[in-house]
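Here the structure is laid out as C-alpha cells; the discussion comes afterwards.
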Amino acid sequence: MLPALITTLLFALTAVCATQSSITYGPERANLGRLAIAVVLLGGWAHLLGSGLGGGRLAILMLAGTIGFGGGGWCMFQAFPRLGSTLSLLAVECAAAVVALVLGVILFGAHISLIQMVFIACTLGGVVLALGPFRVPKVRQEVLLTGIGFTILAAIGQGISWTLTKSAFIYFQERAIEVDSLTAAYQRLLGGFCFAILIVLISLARKGSGYIQSMTSDYIRSKGQSCFHPSLWVLGNALAGPVLGVSCMLWAIRQVDNPGVVQTIVATATLFTVPLARRLENRVFHWNYFTGFGIALIGVAGLVATISH
C-alpha cells in the first residue's frame, strides 16, 4: 500500500496549498488554475505515452471527475477559506471514507473483515482525537454553517467519485485493457475541468466571488502574508493534488477491492497538514494530537498488514 501512503503525504500538502491559493485568488479561480495546470501535464502524458482517451470508460471516468474534481473540489475550495485546511480536510476525508466503504460493499460486494473494520475505526478515531478540540476560524455564523455544508457535499462527492473510478478499473481488469493511472487521472480530470470552467463563468456573470471574499475578509486578514508568490501555491496544489496525488490514489485503488480502505488511509493526511499549516494558520500542538496520531498509525499499519496478506 505504498501508493496510499504517498497519497497521504501529497494530499496533506495540497490542502495547505489550496487554502493559501483560494485566499489569494478566490475559490473558483484557484480551483480552475490548479486543474488547468493538471490538464496540460496529465494530457501530455496521456496522449504521448499513455492511452489518450481510450479504454472504453471515458464517460464513467469523466463523470467521476465531474463529481469529485468538479463538484467535490469546488465545495472543498468553498470550505477552505471558511474553516481552514485542517478542519475542512478532516471532515471531508473521514466522511468520504465512510461513503466509499458503504458504496463499495453495496455496488461491488467488496468484503470488509471484522479486523479491518476495527482498524478503520482506529484510524478515523485517531484522526478525530488528534485534531480536537476543534478550533474554527473566528468568522460569522453564516460563514461557518455554509462551510460545514460544503464539507458534507464534498465528502459525498469524493466518495462517489472514487467508487465510480473503481468500477472503471474493474472493467479494465476483466477485459485485460491497459490504462495506466496517469491516463485514468487525466480522463477523470477532463470532467472536473469542464465543471470548473462552468462554475467560473457563472461566478463572473453573477459576480459571486466578491461576495465570498467579503464574507471571509476577517479570516483572510488574520492569515497574514505568505513568503511565497501566490502562483506557487496554485502550482503546488496542482502537482500535489490532481497530478501526483490523484495518480497515486488511483494506483492504490487498483490494488484493493474496496476504495474506502484506501480513502481511510488517506484520511490521515489531515494529521500531516497540522505541522505543515502550523505557521500559516497558527496551529498549536496538544497532547491529544500525539496520542491520536499514534492511534491512527496503529490503524493504518493494521490495514496495510491485512491488505498485504
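Only the coordinates and a few stated rules stand behind these numbers; no lab work does. Remember, it's a predicted structure, so these values are computed and weren't measured experimentally. For neighbour counting, all protein chains shown are included, and Cβ atoms are generated from backbone atoms with ideal geometry for every residue, glycine included.
Taking every alpha-carbon pair under 8 Å whose residues sit at least 6 apart, the range 1-111 reaches a relative contact order of 33 percent.
Computed on the range 1-114, the Cα convex hull volume stands at 138 Å³ per residue. Labels on offer are [x] -0.51, -0.62; [y] -0.86, -0.94; [z] -0.63, -0.73, and the one holding log10 I(q)/I(0) by the Debye sum over Cα atoms at q = 0.10, 0.11 Å⁻¹ computed from this structure is [x].
Across the range 2-308, the mean sequence separation of Cα contacts (distance under 8 Å, 6 or more residues apart), normalised by length, yields a relative contact order of 42 percent. With labels modelled as points extended 7 Å from the Cα through the Cβ direction, what inter-label distance (nm, one decimal) is found for residue 232 paired with residue 144? In this crude label model, residue 232 to residue 144 measures out at 3.5 nm.
Remark: spin-label model distance residue 117-residue 198 equals 3.8 nm, labels positioned 7 Å along the Cα→Cβ axis. Adding -39500 (n - 2.57) for every DSSP H run of four residues or longer, then dividing by how many residues the chain holds, sets the calculated 222 nm ellipticity at -26000 deg cm²/dmol.
If the segment from residue 5 to residue 59 were pulled out straight at 0.36 nm per residue, it would be longer than the present Cα-Cα gap by 16.6 nm. Under a Gaussian network description of the chain, with springs only between Cα atoms under 10 Å, the residue in 184, 36, 196 that fluctuates furthest is 36.
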